[in-house]
Amino acid sequence: MNKKIQINKYRALFPKQIKVRITPFEGSGFGARILNFKGSITEGNTFSELIFMINDCVRTILEVPNHLLDSMPEYITTKELSQKFTNI
């Protein structure tokens, strides 16, 4: 299977949007449940790291091969949400 076909195959698995429940930890850091995928949780020391880890978690759940990771969608947050959690 050529790379373009593989990329399209895996991209089709990604939900258009994901729903995430974010919990600030006491002291520092954040946890997140990715509601689109039952039982999926991740955490990060900063909000930026949490967003990175959420994307990593989704890619892991979907079993995206390492050589295709750079071609996969990336979930981002709104500016307002980012500001809210960055100022905690």
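Since every read-out is calculated from the coordinates, none of them should be taken as a lab result. In this text the structure is predicted, and so the values were computed from the model without any measurement. Every residue, glycine as well, gets a Cβ built from its backbone with ideal geometry; the counts of neighbours run over all protein chains shown.
Counting 0.36 nm for each residue step from residue 5 to residue 60 and taking away their Cα separation leaves a gain of 17.9 nm.
Evaluating 6.51 cos²θ - 1.76 cosθ + 1.60 at θ = phi - 60° for every residue in the range 21-31, the Karplus couplings come out as 9, 9, 10, x, 7, 5, x, 6, x, 9, x Hz, glycine and proline recorded as x. Given contacts defined as C-alpha pairs under 8 Å and at least six residues apart, what's the relative contact order of the chain, whole-number percent? Worked out over the chain, it gives 24 percent.
Each residue of the range 48-55 is assigned a 3J(HN,Hα), and the resulting list reads 4, 5, 4, 4, 4, 5, 4, 4 Hz, derived from the Karplus form 6.51 cos²θ - 1.76 cosθ + 1.60 (θ = phi - 60°), x at Gly and Pro. Orientation-averaged projection of the chain equals 6.0 nm² [convex hull of Cα atoms, one quarter of hull surface area].
Fully extending the segment from residue 48 to residue 35 would add 2.8 nm, taking 0.36 nm per residue of separation and subtracting the current Cα-Cα distance. Taken along the Cα-to-beta-carbon direction at a fixed 7 Å, the label points for residue 26 and residue 81 span 2.6 nm.
Neighbour counts of other Cβ atoms within 10 Å put 22, 76, 54, 34 in the fewest-to-most order 76, 22, 34, 54.
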